[in-house]
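Throughout, read-outs are computed from the coordinates displayed, never taken from laboratory work. Given the structure is predicted, the values throughout are model-derived calculations rather than measurements. All Cβ positions, glycine included, derive from the backbone under ideal geometry; neighbour counts span all protein chains shown.
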Amino acid sequence: MFPIRRNRRLRSNEVIRSLVRETIISPNDFLVPLFVVEGKGIKEEIASMPNYFRYSLDLLKEEVRLLWSLGLKSVLLFIKVDDSLKDNKGTEALNPNGLMQRAIKTIKDVCPDILVMTDVALDPYSSYGHDGVIENGKIVNDRTVEILAEMSISHADAGADFVAPSDMMDGRIIGIREGLDQSNFLDVGIMSYSAKYASAFYGPFRDALDSAPVNIQNIPKDKKTYQMDFANRDEAIRETEMDINEGADIVMVKPGLCYLDIVRDLRNTFEIPIAVYQVSGEYAMLKAASEKGWLDHDSVMIEQVTSIKRAGADIIASYFAKDVVNLIS
Ligand code: PBG
């Protein structure tokens, strides 16, 4: 008699559904992005990222303690640089007493076991908002890689556990690995933004750091000469393979939800931890739709992060991390 198999048996109530569930979300899945600003007593909401904030170092301490108490044990740091400190070469990025370096130390002081990853890229320090040095109307690759390696050493020196280059220059992973090793930071890891696409979903993040690229000389105000074309899939495999060969410990796909085919391709191709960055525009979309009452915030949020993990992510960098953990605990 047909049907012998009735798939609905395994869906008939929550107990059986939870018994056969393939993907379980836990606090261990998350990497929490944090935005840091200069000053005291500052916790300012980012206009295009409701309920997400920039913290000054004093309030960052409280936030980090709270994250740790929720079981969120890994953070990814971004800093907002004062305009007066920006230039073409990211000079401020190498300041041993710069905001990033102080943020790393502050966090390690209050919470020594928390895993600190740092964003390694020039754009927050660049007067032009680009991830590379500009010379003769071009974003120059190799000079930029040298600076990224120095920046990584400076973050390691301040106590970072992992550096996370988000720039998409060629050869930066080997450049950074050699730099770290020569400075004897053998245990500092690299999480490489391997398949990072030139995406319009980064808009709110660029508001948060005031780091939107500008049109300068004949370089347009987009990042298409270094970030990947979102029409490409095979290229993500080539990029990721290079980063693995150059010494990346963790690779990443970014943005998240529109790129889950890429996540699955990498999962099926490589045996290495994969991070997915659910970016600012993804966060903003759900916040906006739920503020309008058009989507149920919590249900959609859980569906989204679960889908990212189901696609093959081992690590989810997400502005929803705290909301998710509050909801599931
Ligand atoms: C820059 C960087 C960006 C993000 C992380 N690092 C923006 C960009 O490439 O312009 C985006 C993160 C987000 O949108 O949440 N190196």
Here the range 309-319 yields Karplus 3J(HN,Hα) values (6.51, -1.76, 1.60; θ = phi - 60°; whole Hz; Gly and Pro given as x) of 5, 4, 5, x, 6, 8, 9, 10, 8, 8, 6
Residue-ordered couplings for the range 177-190, obtained by feeding phi - 60° into the Karplus form 6.51 cos²θ - 1.76 cosθ + 1.60 and rounding to whole Hz (Gly and Pro as x), are 4, 5, x, 4, 5, 4, 8, 6, 9, 5, 8, 7, x, 10
The range 48-57 - phi-based ³J(HN,Hα) in whole Hz, Karplus 6.51/-1.76/1.60, Gly and Pro as x: 8, 9, x, 6, 10, 10, 9, 10, 7, 4
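Quick check on the chain: helices-only [θ] at 222 nm, where DSSP H runs of length 4 and up contribute -39,500 (n - 2.57) each and the sum goes over total residues. Nearest 500, please.
The helix-only estimate for the chain comes to -11500 deg cm²/dmol at 222 nm.
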Which order do Leu94, Leu266 fall in if you start with the one that has the fewest other Cβ atoms within 10 Å? Leu94, Leu266
Tell me the Kirkwood hydrodynamic radius of the chain in angstroms, computed as one over the mean inverse distance between distinct C-alpha pairs. 20.5 Å
All other residues with a Cβ under 11 Å from the Cβ of Ile134 taken together, and with Lys, Arg as +1 and Asp, Glu as -1, what is their net charge? 0
Counting Lys +1, Arg +1, Asp -1, Glu -1, what net charge surrounds Arg54 among other residues with beta carbon under 9 Å of its beta carbon? 0
Check: C-alpha center the range 162-237 vs C-alpha center the range 121-145, spacing in Å is 11 Å
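What is the antiparallel percent of DSSP beta bridges lying wholly in the chain, to the nearest 5?
Antiparallel bridges make up about 20 percent of those DSSP assigns within the chain.
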How would you order 318-324, 161-167, 288-294 from highest to lowest mean count of nearby Cβ atoms within 10 Å? 161-167, 318-324, 288-294
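Among His130, His155, His297, which comes first, second and so on when ranked by fewest other beta-carbon atoms within 10 Å?
By the 10 Å Cβ count, ascending: His297, His130, His155.
If packing is taken as the average count of other Cβ atoms within 10 Å, what order do 142-153, 178-189 fall into, highest mean first?
Going from most to least packed, we get 142-153, 178-189.
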When we measure straight from the Cα of Lys292, which aspartates and glutamates land under 18 angstrom away, once same-chain ones fewer than 8 places off are left out? Glu282
The alpha-carbon center of the range 256-329 and that of the range 26-104 are separated, in whole Å, by 21 Å
